[in-house]
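The values are calculated or read from the model by the stated rules, or taken from the named source; none is laboratory data. All figures in this text were calculated on a predicted structure; none of them were measured in a lab. All Cβ positions, glycine included, derive from the backbone under ideal geometry; neighbour counts span all protein chains shown. Calculation scope for accessible area: heavy atoms of the full protein, side chains included, ligands and nucleic acids excluded. Shrake-Rupley method; radii C 1.70, N 1.55, O 1.52, S 1.80 Å.
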Amino acid sequence: EVFQEYGTSECHHFNGTERVRYLEKYIYNRQLYAHFDSDLGYYVADSPMGESTARYWNSQPEILDDARSAVDTYCRHNYEIYTHFLVGRQ
């Protein structure tokens, strides 16, 4: 039997970088078990399997700080880099 676990992240930009939402999702065997939402500012369990994981991540200030800062360090930073390329291609 093959098991698969992976994480993915998304940036949602509204009106340029005026409002940015960062989502970090964790999936095991095609089931979302935990995610971070920058609008909430903490990790949320999406299944019983993710409860202990989300609780642990939320108890670690360094992990939360990294996830919270991703709005600026990852989303806004990359938006500024790619906007010139993407907007010019029509």
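The table for this structure:
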{"quantity": "Whichever residue in the range 1-21 is of a type in the set (Asp, Glu) and farther than 19 Å from ARG68 by Cα and, among such residues, is most open to solvent (accessible area, probe 1.4 Å)", "calculated": "GLU1"}
{"quantity": "Of residues in the range 22-40 being touching a residue at least 24 places away in the same chain (Cβ under 8 Å) and touching an Asp or Glu at 6+ places or on another chain (Cβ under 7 Å), the one surrounded by the fewest Cβ atoms within 10 Å (Cβ to Cβ)", "calculated": "TYR28"}
{"quantity": "Residue that is charged (D, E, K, R), open to solvent by 90 Å² or more (accessible area, probe 1.4 Å) and touching a residue at least 60 places away in the same chain (Cβ under 8 Å), where the choices are GLU62, GLU80", "calculated": "GLU80"}
{"quantity": "Selection status of TYR74, surrounded by fewer than 15 Cβ atoms within 10 Å (Cβ to Cβ) and either modelled with pLDDT of 95 or more or of a type in the set (Ser, Thr, Tyr) (or both)", "calculated": "no"}
{"quantity": "Qualifying positions in the range 2-40 - modelled with pLDDT of 95 or more and β-branched (Val, Ile, Thr)", "calculated": "THR8, ILE27"}
